[in-house]
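Here's the structure, in C-alpha coordinates; my notes come after.
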Amino acid sequence: MQFKRTAIALSGAAIAVGLAACGSNGGSQPSNAAPAKPTSTAETMNQFGSACGQVPASGAGSFQGMAQAPVATAAGNNPILSTLVAAVQKANLVDTLNGATNITVFAPDNGAFGKIPTDTLGKVLADNATLTKILEYHVVPEKITPAQLASGSFKTLEGGTIRTSGSGQDYTIAGTAHVVCGNVQTANATVYIIDGVLMPPSS
(Lines give C-alpha, C1' and ligand atoms only; values in the text may rest on other atoms or scores of the structure.)
Protein backbone atom coordinates (compact mmCIF):
# COMPACT_ATOMS: atom_id res chain seq x y z
CA MET A 1 0.00 0.00 0.00
CA GLN A 2 1.50 3.33 -1.06
CA PHE A 3 1.34 6.08 1.49
CA LYS A 4 3.91 8.55 0.18
CA ARG A 5 1.28 10.76 -1.40
CA THR A 6 -1.43 9.92 1.04
CA ALA A 7 -1.92 9.80 4.78
CA ILE A 8 -4.61 9.59 7.39
CA ALA A 9 -7.89 11.45 7.36
CA LEU A 10 -10.74 11.30 9.79
CA SER A 11 -13.95 12.57 8.28
CA GLY A 12 -17.70 12.17 8.53
CA ALA A 13 -18.69 9.69 11.19
CA ALA A 14 -15.08 9.05 12.20
CA ILE A 15 -14.59 12.71 13.13
CA ALA A 16 -17.88 12.76 14.95
CA VAL A 17 -16.84 9.76 17.02
CA GLY A 18 -13.43 11.27 17.78
CA LEU A 19 -14.84 14.62 18.77
CA ALA A 20 -17.47 13.01 20.92
CA ALA A 21 -14.67 11.20 22.71
CA CYS A 22 -12.86 14.50 23.24
CA GLY A 23 -15.83 15.80 25.15
CA SER A 24 -16.35 12.72 27.29
CA ASN A 25 -15.09 12.26 30.83
CA GLY A 26 -12.57 9.67 29.62
CA GLY A 27 -11.46 11.55 26.51
CA SER A 28 -8.25 13.36 25.69
CA GLN A 29 -7.80 15.02 29.06
CA PRO A 30 -6.59 12.35 31.50
CA SER A 31 -6.12 13.46 35.08
CA ASN A 32 -2.83 11.59 35.41
CA ALA A 33 -0.91 13.68 32.88
CA ALA A 34 2.61 14.52 33.98
CA PRO A 35 2.69 17.90 35.70
CA ALA A 36 4.47 20.59 33.75
CA LYS A 37 5.28 24.19 34.47
CA PRO A 38 2.89 26.48 32.59
CA THR A 39 4.48 28.49 29.82
CA SER A 40 4.98 32.17 30.59
CA THR A 41 2.84 34.87 28.99
CA ALA A 42 5.92 36.24 27.23
CA GLU A 43 6.50 32.92 25.47
CA THR A 44 2.92 32.77 24.24
CA MET A 45 3.19 36.09 22.39
CA ASN A 46 5.65 35.00 19.68
CA GLN A 47 3.39 33.03 17.36
CA PHE A 48 3.54 33.65 13.63
CA GLY A 49 1.78 32.49 10.48
CA SER A 50 -1.31 32.97 8.36
CA ALA A 51 -3.51 30.58 10.35
CA CYS A 52 -2.81 32.08 13.77
CA GLY A 53 -5.90 34.24 13.34
CA GLN A 54 -8.04 31.08 13.37
CA VAL A 55 -6.98 30.27 16.92
CA PRO A 56 -9.57 31.41 19.50
CA ALA A 57 -8.79 34.75 21.07
CA SER A 58 -9.72 33.59 24.55
CA GLY A 59 -10.49 30.49 26.55
CA ALA A 60 -8.80 27.09 26.77
CA GLY A 61 -8.18 26.96 23.01
CA SER A 62 -6.43 30.34 22.85
CA PHE A 63 -2.65 30.70 22.85
CA GLN A 64 -2.60 31.58 26.54
CA GLY A 65 -5.08 28.83 27.35
CA MET A 66 -3.06 26.20 25.47
CA ALA A 67 0.07 27.24 27.35
CA GLN A 68 -1.49 26.02 30.59
CA ALA A 69 -2.21 22.43 29.46
CA PRO A 70 -0.15 19.48 28.18
CA VAL A 71 -0.07 19.20 24.44
CA ALA A 72 -2.77 16.61 23.65
CA THR A 73 -5.20 18.32 26.00
CA ALA A 74 -4.28 21.75 24.63
CA ALA A 75 -4.82 20.58 21.05
CA GLY A 76 -8.17 19.13 22.06
CA ASN A 77 -9.24 22.61 23.13
CA ASN A 78 -8.30 24.14 19.76
CA PRO A 79 -10.97 23.73 17.04
CA ILE A 80 -8.50 23.87 14.13
CA LEU A 81 -6.78 20.71 15.42
CA SER A 82 -9.87 18.59 16.06
CA THR A 83 -9.12 16.02 13.34
CA LEU A 84 -5.59 15.50 14.62
CA VAL A 85 -6.91 15.00 18.14
CA ALA A 86 -9.34 12.34 16.92
CA ALA A 87 -6.43 10.52 15.25
CA VAL A 88 -4.30 10.75 18.40
CA GLN A 89 -7.15 9.26 20.42
CA LYS A 90 -7.58 6.45 17.91
CA ALA A 91 -3.87 5.59 18.24
CA ASN A 92 -4.02 5.77 22.06
CA LEU A 93 -1.26 8.40 22.15
CA VAL A 94 -2.98 10.94 24.41
CA ASP A 95 -1.19 9.88 27.60
CA THR A 96 2.12 9.48 25.75
CA LEU A 97 2.03 13.05 24.48
CA ASN A 98 0.64 14.56 27.66
CA GLY A 99 3.23 12.77 29.77
CA ALA A 100 6.25 13.79 27.68
CA THR A 101 8.49 16.74 28.49
CA ASN A 102 10.14 19.31 26.23
CA ILE A 103 8.87 18.00 22.90
CA THR A 104 7.96 19.56 19.57
CA VAL A 105 4.81 18.59 17.68
CA PHE A 106 4.27 19.36 14.00
CA ALA A 107 0.48 19.43 14.11
CA PRO A 108 -1.51 19.12 10.86
CA ASP A 109 -4.56 21.35 10.92
CA ASN A 110 -8.00 20.21 9.78
CA GLY A 111 -7.33 21.49 6.27
CA ALA A 112 -4.26 19.25 6.01
CA PHE A 113 -6.36 16.17 6.66
CA GLY A 114 -8.95 17.42 4.20
CA LYS A 115 -6.40 17.01 1.38
CA ILE A 116 -6.18 13.26 1.94
CA PRO A 117 -8.24 10.94 -0.30
CA THR A 118 -11.06 9.48 1.76
CA ASP A 119 -10.49 5.99 0.39
CA THR A 120 -7.24 5.88 2.38
CA LEU A 121 -9.07 6.38 5.66
CA GLY A 122 -10.33 2.85 6.24
CA LYS A 123 -7.02 1.22 5.39
CA VAL A 124 -5.02 3.31 7.82
CA LEU A 125 -7.57 3.19 10.63
CA ALA A 126 -7.64 -0.59 10.34
CA ASP A 127 -3.88 -0.72 10.92
CA ASN A 128 -3.20 0.85 14.31
CA ALA A 129 0.55 0.25 13.99
CA THR A 130 0.70 2.33 10.80
CA LEU A 131 -1.46 5.07 12.30
CA THR A 132 0.78 5.26 15.37
CA LYS A 133 3.91 5.37 13.24
CA ILE A 134 2.58 8.25 11.15
CA LEU A 135 1.57 10.27 14.19
CA GLU A 136 4.85 9.65 16.02
CA TYR A 137 6.69 10.95 12.94
CA HIS A 138 5.18 14.35 13.76
CA VAL A 139 6.80 14.44 17.22
CA VAL A 140 10.40 15.41 18.00
CA PRO A 141 11.69 14.68 21.54
CA GLU A 142 13.19 18.15 21.99
CA LYS A 143 11.93 21.71 21.86
CA ILE A 144 12.70 23.36 18.53
CA THR A 145 12.89 27.13 18.17
CA PRO A 146 11.89 28.96 14.98
CA ALA A 147 15.57 29.79 14.36
CA GLN A 148 16.41 26.07 14.36
CA LEU A 149 13.87 25.47 11.58
CA ALA A 150 15.94 27.52 9.12
CA SER A 151 18.14 24.53 8.30
CA GLY A 152 17.36 21.69 10.64
CA SER A 153 17.46 17.92 10.85
CA PHE A 154 15.57 16.32 13.74
CA LYS A 155 15.09 12.74 14.91
CA THR A 156 11.43 11.95 15.50
CA LEU A 157 9.70 9.77 18.06
CA GLU A 158 8.97 7.34 15.22
CA GLY A 159 12.71 7.00 14.58
CA GLY A 160 12.93 8.78 11.24
CA THR A 161 14.36 12.19 10.49
CA ILE A 162 12.53 15.39 9.59
CA ARG A 163 14.40 18.13 7.73
CA THR A 164 13.28 21.74 7.84
CA SER A 165 14.16 24.87 5.91
CA GLY A 166 13.14 28.48 5.56
CA SER A 167 13.50 31.86 7.21
CA GLY A 168 11.52 34.62 8.86
CA GLN A 169 7.96 33.34 9.02
CA ASP A 170 8.18 30.97 6.04
CA TYR A 171 9.24 27.43 6.94
CA THR A 172 8.91 24.13 5.09
CA ILE A 173 8.72 20.87 7.03
CA ALA A 174 9.89 17.60 5.46
CA GLY A 175 9.85 19.25 2.05
CA THR A 176 6.07 19.10 1.75
CA ALA A 177 4.26 20.98 4.51
CA HIS A 178 4.42 24.62 5.56
CA VAL A 179 4.11 26.17 8.98
CA VAL A 180 0.83 28.11 9.11
CA CYS A 181 1.00 29.00 12.80
CA GLY A 182 4.31 28.56 14.55
CA ASN A 183 5.83 28.68 18.02
CA VAL A 184 2.59 27.79 19.82
CA GLN A 185 3.44 26.88 23.40
CA THR A 186 1.78 24.28 25.62
CA ALA A 187 2.81 23.26 29.11
CA ASN A 188 5.15 20.56 27.79
CA ALA A 189 5.63 21.23 24.08
CA THR A 190 6.26 23.67 21.28
CA VAL A 191 3.71 23.23 18.49
CA TYR A 192 4.05 24.18 14.83
CA ILE A 193 0.69 23.94 13.08
CA ILE A 194 1.27 22.80 9.50
CA ASP A 195 -0.78 22.49 6.31
CA GLY A 196 0.13 18.91 5.41
CA VAL A 197 0.32 15.44 6.91
CA LEU A 198 3.91 14.19 7.09
CA MET A 199 4.78 10.65 6.04
CA PRO A 200 7.66 8.56 7.38
CA PRO A 201 10.07 7.78 4.50
CA SER A 202 9.49 4.05 4.90
CA SER A 203 5.70 4.28 4.64
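Structure notes:
- These residues, 118, 172, go from largest to smallest accessible area, 1.4 Å probe, as 118, 172.
- 13 Å beta-carbon shell around residue 179, net charge (K/R +1, D/E -1): -3
- Cross-link table 90/123; 90/155; 133/155, entries beyond 21 Å C-alpha to C-alpha: 90/155
- In Hz, Karplus ³J(HN,Hα) per residue of segment 78-92 (6.51, -1.76, 1.60; θ = phi - 60°; x = Gly, Pro): 9, x, 7, 10, 5, 5, 4, 4, 4, 5, 4, 4, 4, 8, 6
- In nm, spacing of pseudo-spin labels at residue 126 and residue 155 (7 Å Cα→C-beta vector): 3.5
- Highest average packing first - 102-111, 151-160, Cβ atoms within 10 Å: 102-111, 151-160
- Long-range HN-HN contacts of residue 190 with modeled amide H, under 5 Å: 103, 104, 105, 144
- For residue 180, the amide hydrogen comes within under 5 Å of the amide hydrogens of 193, 194, 195, counting only partners 5 or more places away or on other chains and with H modelled in the peptide plane.
- Coupling constants for segment 126-136 follow from the phi torsions by the Karplus curve (6.51 cos²θ - 1.76 cosθ + 1.60, θ = phi - 60°), and in residue order they are 6, 10, 5, 5, 5, 4, 4, 4, 5, 5, 5 Hz; glycine and proline get x.
- Positive minus negative residues near residue 158 (Lys, Arg vs Asp, Glu; Cβ under 11 Å): +1
- Local electrostatic count, residue 136, Cβ distance below 12 Å [Lys/Arg +1, Asp/Glu -1]: +1
- Couplings 3J(HN,Hα) of segment 56-62, computed from phi: x, 6, 8, x, 5, x, 6 Hz, in residue order, whole Hz [Karplus 6.51 cos²θ - 1.76 cosθ + 1.60, θ = phi - 60°; x for Gly and Pro].
The values are calculated or read from the model by the stated rules, or taken from the named source; none is laboratory data. Since this is a predicted model, take the numbers as computed values, not measurements. Backbone-built Cβ (ideal geometry, glycine too); neighbour counts: all protein chains shown. Protein only, heavy atoms only, side chains kept; ligands, DNA and RNA dropped before computing areas. Shrake-Rupley method; radii C 1.70, N 1.55, O 1.52, S 1.80 Å.
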